[in-house]
Amino acid sequence: LPWNESHLNPKNRIDSLTPVQTPTWRIDGSTGLGTQFFTVPTFISPLPPLRIDTFLPDLAYWPAKLRLDLNLNEAFLFQDSRIVHFDICQHVLRVLEFWSASISNFENMYRALPFGSRIMFENMSKDIRSIRIRVIRTHDLERQLLPLAALKLNRLNPLPEILDISQLTLIRRFQDSASLIRIIGSDENDVAVFKTLSDTPKYLYHELEILLTMSEHANIISRPRHIVTKHCGFGGKVAVLGFTIQYHKQGSLRDILPFRSLHGALAWEHQVKWASQVVKTLQHIKAKGPGWYCDLRLDNILLSDADDVILIDFEQRGVLPAFASPMDNYLQYVNALVNEPSLDMTMRKEYIDLYDLHIRPFVPKKRDQHQGCVPWLCMSKSEREASELYMVGRLLWCIFEGVSAPQKELWMEYLHEPDIAFPEFRRTPKQLRELILSCTPGWTGVDKLLQRKAFKLKLLVSSDSKEPRKEGFLGDLVEMWQRELDRASAFVKSRGDHTSSANVKSHKGGRLTLDDVLQKLE
């Protein structure tokens, strides 16, 4: 290479990626496949949880060399605090430090931003001084936020205490929608979780309504302690931003199961107890709650100090594909593809016809309304019960195999990656294997040929082989997904002919129920 392009030339190298000794910003995590970072200005204290994140340009538009220098090809898999060990974070922190230091009265400017505003990097460069930053003030989000009086909340019981967001101080961000906070003036150890959303508040309000309406249960997250509001610049209203709930420091089964299994501390009696508690909780939701719970996965099951399960997240937006039934996934495909701009009109017409027949009649006509995840709104009672049992089956497999997920995800890396993939069994007792398989009929495993090894994807020659394909990777990948979409289309088209085919069978010859599952467990 000529000298002006050589990596040995100082002008072509990043100044430094060494952590700053006294940083003025920190990163708590990330999402958006490495394009959204939970950034916190540590020099502002106390700092309300304003959810002002930093966004980077789409990785496709980065210089290839810079992606490699900043470990982007690896970092995008991580969403928790492990992300800080990658060079991209040190680069982002140095950019933010340089940028904030150049603005007089930065703290006043930051505190005055609308909730959920965005710090946007308009370009990426190895030189932190060459990166242009724009602040996007999310007035549109504030427009969607509603005052307390406009929410349809259960007023038969007293509402939780109302707090302004300025009365909260941020400790750290867990994830996109949850932060650990403390109320200013309270005891240092009196912490809580602040639940909020910075994209579409209708899901948040739906969850708040459920938690305030549903009768309490020992294995469901406690009733909200506070409702959090903020005076909005848009319209001058005092809008509901979120609510606080109890903090359970043990974390979720997603991390606890593999950790205890690895250290020989995963006791059989605990596995049975957790599985039974989950099933009993679903029965309670069916009898005294919204009637169904469509997001059953390990992330949404916490452990209390007494080692009892605590079910969280009642937004009812739907579950990850790894835990969802084929019916759930197939309806989700149709719902997503009907508005996919990259499809030609001939292909889109097929999905539009399916959408009009199987989905449109069941979803709210107003976009600001939310009644539950779209596939479940479209299902019959028996289809919902079958999809619920499918999630239960996948969850039971994870609990008794002691792993973090039914399979390695292609798009993220867990703290403890599963060493086995559904439906293989190693640790589950034989008497429970039949139960799990009975709960999960129709499993196809669309991703079983496509696997991730560390930071690289590989497409196998066949499901029985570990040999990756050498050529035609992209074409084979497209064919694989086309077969999956063909299965989805055929299944949805024939729903009226065999809706019972999605139903699982019990040992008595009838349809398997939660009661049957509980009986087997106990």
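The values are calculated or read from the model by the stated rules, or taken from the named source; none is laboratory data. The model shown is predicted, which means the values in this text are computed figures rather than measured ones. No Cβ is skipped: glycine too gets one built from the backbone with ideal geometry, and neighbour counts run over all protein chains shown. Areas reflect the complete protein model, heavy atoms only, side chains present, ligands, DNA and RNA absent. Shrake-Rupley method; radii C 1.70, N 1.55, O 1.52, S 1.80 Å.
A few comments on the model shown:
- Across the protein chains, with a 1.4 Å probe defining accessible surface, the residues K408, K195, K456 rank K456, K408, K195 from largest area downward.
- Gained length - S186 relative to L151, 0.36 nm times residue gap less alpha-carbon distance: 9.8 nm
- Short to long, the 20 Å bins of the Cα pair-distance histogram for the chain hold 19, 53, 27, 1 percent of all pairs.
- Cleavage-rule hits (GluC sites (Glu not before Pro)) in the stretch 145-228: DSSP loop, at most 15 neighbouring Cβ within 10 angstrom: E188, E216
- Average accessible surface area per residue within the chain, 1.4 Å rolling probe, Å²: 48
- Y414 - accessible surface, heavy atoms, 1.4 Å probe, Å² rounded to 10: 10
- Only beta bridges with both residues in the stretch 28-170 are counted; by DSSP, about 75 percent of them are antiparallel.
- Added length on full extension, which subtracts the Cα-Cα distance from 0.36 nm per residue, M480 to I352: 43.9 nm
- Heavy atoms of L141: accessible area, 1.4 Å probe, square angstrom to 10: 10
- Percent carbon-and-sulfur accessible area, the stretch 281-360, ignoring ligands, DNA and RNA, probe 1.4 Å: 53
- Using heavy atoms of the protein chains and a probe of 1.4 Å, the accessible area assigned to F106 is about 10 Å².
- Computed over neighbours whose Cβ is under 14 Å from that of S117, the net charge equals +3, Lys and Arg +1, Asp and Glu -1.
- For the chain, a simple Cβ point-charge model (Lys and Arg +1, Asp and Glu -1, everything else neutral) yields a dipole of about 440 debye relative to the Cα centre.
- Among the GluC sites (Glu not before Pro) in the stretch 390-459, those located in a DSSP loop and surrounded by at most 11 other Cβ atoms within 10 Å of their own Cβ are E424.
- Taking the 1.4 Å solvent-accessible surface of the stretch 104-183 as the whole, the part contributed by carbon and sulfur is 48%.
- Filtered GluC sites (Glu not before Pro), the stretch 59-142: DSSP coil and at most 11 other beta carbons within 10 Å: E122
- Label-reachable residues, the stretch 203-219, where backbone N falls under 11 Å from a point 7 Å from Q175's Cα toward its Cβ: none
- Potential extension, M109-S494 segment - 0.36 nm per residue separation minus Cα distance: 132.9 nm
- Of all accessible heavy-atom area on the stretch 369-430, the percent that carbon and sulfur account for (1.4 Å): 51
- Inter-probe distance in nm under a simple model that places probes 7 Å from Cα toward Cβ, at Q371 and T213: 1.1
- Cα centroid separation - the stretch 233-267 against the stretch 381-453, whole Å: 22
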